[in-house]
Amino acid sequence: MSRVYGWMFAGLWITGMVALFTVSNESVRNVVINWYFPLVLAELGLVFVLSMVAPRLSGPVAALMFIGYSVLTGLTLSLLFYRYTSGSIAQAFFMTAGAFGAMSLYGTITKKDLSAWASFLFMGLVGVLIAGVVNIFMGSDMLGFVIACASVIVFAGLTAYQTQKLREMHAATGYSSTATASIVGALMLYLAFINLFLALLRIFGQRR
C-alpha cells in the first residue's frame, strides 16, 4: 500500500504543479484555453484506456500513462483558478485531504466488510454522472449543488471501499507487489481524491 499511496501522491503533486505552472505562464495558458475540449477528451480517453488495459501493461508503460494523465488533469484543472479564488481552492484541497485521509483510515482499520457498499456506490456514481450531463444543458445552480453534495458522499464512500479492497487483494494475492498493480490502485484513489476535491470546491468555493 505504500507504493499505491506513493504513486497517488506523485500524481497529485504533478497535477498541482502543472496547474500552477499553466496559470503563471501566459503562452501555456492560452493553449489550454484554446484547446480545452480536445484536452478534456484526451484526458477522458487516456483514463479509460488506462483503466481497461493497465493490468496487462508493463510497469514503465503504465507509469508513463499515469504521469501523462496527471499532466492532462493539471492542464484542465488550471482553469479553476479563473472561476474560484486561490484561497477557496486551497481550502477545498485541505478539506479533501482531511476527508480522504479519514475515509482511507476507516477503510484500513474497520472490521466491517464494506462490500455491501458496492451496489449503493455504483448506483450513486451512475446517478451523479447522468445528473451532471443533464445539468450541462439545464445549467441549474440548485441541481449543481445537489450533485456536488451527492458526489461528496459517493467519492468519500469509494475512498473507504477501495482502500479496503486494495488491502484485501494485497493480503490475498500480493496484488500490490508489482509496479503495474500499484499504479492501478493509485489511479483508483487518485480519481476518488480529484472528484472529491471538485465536489467540495463546488460547494464551498468562492467564485471570482
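The values are calculated or read from the model by the stated rules, or taken from the named source; none is laboratory data. The structure presented is a predicted model; accordingly, all values stated were derived computationally and were not measured. Please note: Cβ atoms are built from the backbone with ideal geometry, for glycine as well, and neighbour counts cover all protein chains shown.
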Qualifying residue in region 61-72 (condition: in contact with a Ser or Thr (Cβ under 9 Å, 6 or more places away or on another chain), under 15 Å from Val18 (Cβ atoms) and free of Cβ contacts under 8 Å to residues at least 24 places away in the same chain): no
Any hit, region 134-142, residues being of a type in the set (S, T, N, Q) and without any contact (Cβ under 8 Å) to a residue 12 or more places away in the chain: yes
Candidates Ser78, Ser70 - the one that is surrounded by 13 or more Cβ atoms within 10 Å (Cβ to Cβ) and over 23 Å from Val184 (Cβ atoms): Ser78
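Every residue, every condition in (1) modelled with pLDDT under 90; (2) surrounded by 14 or more Cβ atoms within 10 Å (Cβ to Cβ), yes or no:
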| position | (1), (2) |
| --- | --- |
| Ser24 | no, no |
| Leu46 | yes, yes |
| Val49 | yes, no |
| Val53 | yes, no |
| Ser58 | yes, no |
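A quick yes/no check of all residues on (1) buried (at least 18 other Cβ atoms within 10 Å of the Cβ); (2) in contact (Cβ under 8 Å) with a residue 60 or more places away in the chain:
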| site | (1), (2) |
| --- | --- |
| Phe93 | no, yes |
| Met103 | yes, yes |
| Gly107 | yes, yes |
| Ser119 | no, no |
| Cys149 | no, no |
| Met188 | yes, no |
| Phe193 | yes, yes |
Unique residue being under 14 Å from the mean Cα position of the chain (by Cα) and not aliphatic (A, V, I, L, M) when the list is Gly87, Gly74, Gly6, Gly45: Gly74
Exclusive hit being touching a strand residue (DSSP E or B) at 6+ places or on another chain (Cβ under 9 Å) and either over 26 Å from Gly205 (Cα atoms) or assigned to a helix (DSSP H, G or I) (or both), set Ser51, Ser27, Ser88, Ser70: Ser88
Residues within region 135-154 that are under 19 Å from Phe122 (Cβ atoms) and modelled with pLDDT under 85, tallied: 0
The listed residue being among the aliphatic types (A, V, I, L, M), closer than 23 Å to Leu105 by Cβ, part of a helix (DSSP H, G or I) and in contact (Cβ under 8 Å) with a residue 24 or more places away in the chain, out of Leu39, Leu12: Leu12
